[in-house]
Amino acid sequence: MAATKTFRVLPGFKITLGFTLTYLSLIVLIPLAAVFIKTSELSLGQFWDVVTTPRVVATYKLSFGLSLVAAAINTVFGLMLAWALVRYSFPGKRIIDALVDLPFALPTAVAGIALTALYAKNGWIGQYFDAIGVKVAFGPLGVLVALVFIGLPFVVRTVQPILEDLDTELEEAAVSLGADRWQTFRFVILPILLPALLTGFALAFARAVGEYGSVIFIAGNIPMVSEITPLMIITKLEQYDYAGATAIAVVMLLLSFVLLLVINGLQAWTSKRTGRDR
Amino acid sequence: MSIQVKDIHKQFGSFVALDKVSLEFPTGELVALLGPSGCGKTTLLRIIAGLEQADSGQVLLEGEDASGTHVRERQVGFVFQHYALFRHMTVFDNVAFGMRMKPRAQRPSESQIRTKVHDLLQLVQLDWLADRFPAQLSGGQRQRIALARALAVEPRVLLLDEPFGALDAKVRKELRRWLRNLHDELHITSIFVTHDQEEALEVADRVVLMDHGKVEQIGTPEEVYRHPATPFVYSFLGSVNLFHGRIEDGTVQVGEDVLHDQPDAFRQGAEVIAFARPHELDIVVDGEVGKGVSARVNRVLSFGITARVELDGVNGSSGQHYEVELARSRVTELGLAEGQIVRLVPSRLKLFERQAASPQ
């Protein structure tokens, strides 16, 4: 045994691993297991009935669909924001840099109320949308606005460090080889940023799926139209239907897990393809 | 293709990187831009490439003003110090990049690209690495791939920015020889920037010495080494001994010592700087002759073909260090001991009148 032991400057593999596992169990694994245990009170038929009622199915579509759209929007604009923050210097840059984290810090209820006030029919921004016949607050579009808001920091913060490391020499090399601006972006910059963009996308998506506080004010919560899945769970809980609530939670959990797995797989694939893991 | 730069001026804030530089690079030559860091050589190269804009002045490519031409259209191949290879592409894709980026009408077919890439990889002797990623290559290999990539678009000029700067000494030497051979094969007008005088003298047809944004001297390696035109060039190329002196009665006085009969025409009392290469100095043991500068022997290094003697100045030139290269037999003959006071007598001396702007 002594022969296989490797020397480390900082000891403590056993204690850190032990702590990690205990901690993870207490905080994550046991509560999640409880969700499954509680759900198992239902028979398979009951479970299926609960999770496939049309009203609940409509919330899956809204929650997952809009979360994907919001994450996609955040990926595009987060990249632009990160680009502007890394590449250029302008007055107030540090303030904007700090503002990016605001959606992390702001209580989600506050964000929800603020967004609702802004985008309501008579709000500062909502009135212009209303003029062209678009209803933002109290509808699916309002949900999207809230989800975009809370997901904003993720892509910016994951892409920023990669962009900072990105040597402008690469772009100069591409141009000197005859590439135009679009080609330089598409074939040189984007592939390098892709893994970070995917990570940011996954985080923004995960956050959006689980978001409750900010959405609930702006959504209007119209059944079959603008109800999100977390709201369904809360509704069940308020009716003391704990098993029903956890049943929907299980579906959410599995769907999120599968989607995140796919995104992570995609990310691993892109970084492998770019030779980083070899 | 010939390159001409005319009155190029470039300033970064209050720092003058290039001060009205005019140069000509004839077709097919390999020219080295040599100078210490911050002398403006890289800036000049980047202006020629179009990666940087001059504040004033012109760049003429084949007699045509290229100042308004974008890098993309200048057809220059640029090689960066840190290779700038696309790390997400294989070696093959890196080399093929330039051809694949061409507008559809001019783009070669994929099979033509394949042939061309393999030809280029053979040229740089790395055909067997086509499927690797840059991260899997050594520094020397990466730089050769970078060169193949630059050559793939058939540039009219090849510009290399400290191409061997990031490599270790042995690989550097190898690549130097290899670059020279490659140039003899291709005869493409090339400019390379370096701060390594040995590299410049060994590889280039012609050397341009720069300091503080100005051109100090242009010439073949032999010319600039044998006949340095300015004090800067003298002290930059090779090791050199420096004496501060004054012209008195047709001789150079260094402190209280007489260095040399003064053949050149300098006015009486002029402050001068005198240069002598280590092999142009002889050591005489004190008392033999009444000429030469006094110095104390510090160390005698006799492991090579020639022996090197390190000395410290005394008698009004204290604080100066001297280095003398002598035949081993001569050192034995002299029987030098550490701490001994001797005199240095130059066989050849180059004098410059001292100006306010002169170094040291």
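Here, each number is a calculation from the coordinates, and none is a lab measurement. In this text, all values refer to a predicted model and were calculated from it rather than measured experimentally. Using ideal geometry, Cβ is built from the backbone for each residue, glycine included, and neighbour counts are taken over all protein chains shown.
Annotations
- Each residue of the range B:74-85 was assigned a 3J(HN,Hα) from its phi angle through the Karplus curve 6.51 cos²θ - 1.76 cosθ + 1.60 (θ = phi - 60°); the sequence is 7, 6, 10, x, 10, 10, 9, 4, 9, 6, 6, 6 Hz, with glycine and proline shown as x.
- Of the DSSP H helices in chain A, those whose Cα atoms cover at least 24 Å axially and whose Kyte score averages 0.5 or more: A:54-87, A:140-165, A:190-210, A:242-273
- Secondary-structure-derived ellipticity at 222 nm for chain B, considering helices only, amounts to -7500 deg cm²/dmol, per-run term -39500 (n - 2.57) for DSSP H runs with n ≥ 4.
- The mean sequence separation of alpha-carbon pairs under 8 Å and at least six residues apart, normalised by the residue count of chain B, gives a relative contact order of 16 percent.
- Dimensionless Rg ratio for chain B, taking C-alpha atoms and the 2.2 N^0.38 Å reference: 1.22
- Shape of the protein assembly as shown, Cα gyration tensor, a/c cut at 1.5: prolate
- Net lengthening on full extension, A:Arg94/A:Leu21 (0.36 nm per residue, minus Cα-Cα): 22.4 nm
- Degrees, to the nearest 10: B:110-123 long Cα axis against longest axis of chain B: 20
- Ranked list, fewest to most other Cβ atoms within 10 Å of each Cβ, for B:Ile341, A:Ile222, A:Ile233: A:Ile222, B:Ile341, A:Ile233
- Calculated [222 nm] ellipticity per residue, helices only, for chain A: -23000 deg cm²/dmol; basis is -39500 (n - 2.57) per DSSP H run with n ≥ 4, divided by all residues, nearest 500.
- Straight-distance crosslink candidates among lysines, where the alpha carbon sits under 18 Å from B:Lys350 and sequence neighbours closer than 8 are dropped: B:Lys291
- If you sort the three axes of the alpha carbon gyration tensor as a ≥ b ≥ c, you get a/c of 1.5 or more for the range B:111-183 and a/b no higher than b/c, which makes it oblate.
- Taking every alpha-carbon pair under 8 Å whose residues sit at least 6 apart, the range A:43-273 reaches a relative contact order of 31 percent.
- Fully extended contour minus Cα-Cα distance, from A:Arg87 to A:Ala114, at 0.36 nm per residue: 6.6 nm
- Computed from Cα atoms alone, the Kirkwood hydrodynamic radius reported for chain A is 21.7 Å.
- From least to most packed, judged by other beta carbons within 10 angstrom and beginning with the fewest, A:Leu102, A:Leu166, B:Leu311 follow the order A:Leu102, A:Leu166, B:Leu311.
- The range A:207-249: C-alpha gyration tensor shape, a/c 1.5 cut-off, then a/b vs b/c: prolate
- Between the beta carbons of B:Ile305 and B:Glu333, assuming R0 = 22 Å, the FRET efficiency works out to 0.85 to the nearest 0.05.
- Alpha carbon centroid spacing (whole Å) that separates the range A:171-187 from the range B:77-100: 11
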